[in-house]
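Here is the structure we will look at, set down as structure tokens.
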Amino acid sequence: MNQDLEHDTGHDHVPAPHPRSIGIPRTGAFDAPAFEQAITDLLRASGITPDSSHTGRTAQRVRELWQKRLLGGYELDPAEALGDGFEDERRDMVVVRGIAIHGVCPHHLVPFRGYAHVAYVPGGRLHGFGRIARLVDAIGHRFTYQEWMTRDIADALITHGHAAGAACVIEAEQLCLLLGEDRRGDERVITQAFAGSFEHSPQLRNEFLRTIDRTTR
């Protein structure tokens, strides 16, 4: 096994992000011309002609994919994505299971993809299901780690959604792991984070985990 790859994909050495940051902070605006030039240079450095019939629009296509999708979360405010919801005194747990997610690992610049299972106990407000999925996109479509994304989603529901409790479990394929040497190709990484009442109540956590258990489908 490639030892360097093994070390990088473990994330053990990664410091925790600043509490107010979401993923790896962006320090400047997305530079579309510079990005396309970088892709052109990458093709040349790989020994590929960048202006052939096959690669003539590759730089533009890659730039659009990264700008609009892989890194599109940088243009979204998680609080605005979730919205204010509406007042409601119900305290029943709400679970949204199977939200498609992706992020970009900053170690190897390859995406990871999978599903997020999100729950919250309302603290006086209810939120639309689509809004919760938008919140996940705003947090995940960045340079980030799966571990960070999981925690950020749970914390955002408390901070922006005024939830009494929040939980998030993510199951994802990490391409930097799957592309390693001697891999079977079916590895999955599962991360979980609990906040508020979920953090303090084993019964609530167990109820959530039973709800998202695949064997119950």
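The values are calculated or read from the model by the stated rules, or taken from the named source; none is laboratory data. Being a predicted model, the structure only gives us computed values, none of them experimental. Here the Cβ is made from the backbone with ideal geometry for all residues, glycine too, and neighbour counts use every protein chain on show. Remember, those area values only see protein heavy atoms, side chains included, never the ligands or the DNA or RNA. Shrake-Rupley method; radii C 1.70, N 1.55, O 1.52, S 1.80 Å.
Couple of notes before you dig in:
- Where helices (runs of 4 or more DSSP H) fall wholly inside segment 66-182, the ranges with 2 or more residues that are over 17 Å from F194 (Cβ atoms) and within 11 Å of the chain's Cα centre (by Cα) are 129-140.
- Candidate set: segment 1-47, residues that are within 18 Å of the chain's Cα centre (by Cα) and among the small types (G, A, S); chosen: the one modelled with the lowest pLDDT: A16
- Restricting segment 88-102 to residues that are out of contact with any Phe, Trp or Tyr (no Cβ under 6 Å at 6 or more places or on another chain) and surrounded by 13 or more Cβ atoms within 10 Å (Cβ to Cβ), the residue that is nearest to L177 (Cα to Cα): H102
- Scanning segment 148-183 for residues that are out of contact with any helix residue (DSSP H, G or I) (no Cβ under 7 Å at 6 or more places or on another chain), modelled with pLDDT of 95 or more and open to solvent by 10 Å² or more (accessible area, probe 1.4 Å) yields W148, R151, D155, I158, T159, H162, E171.
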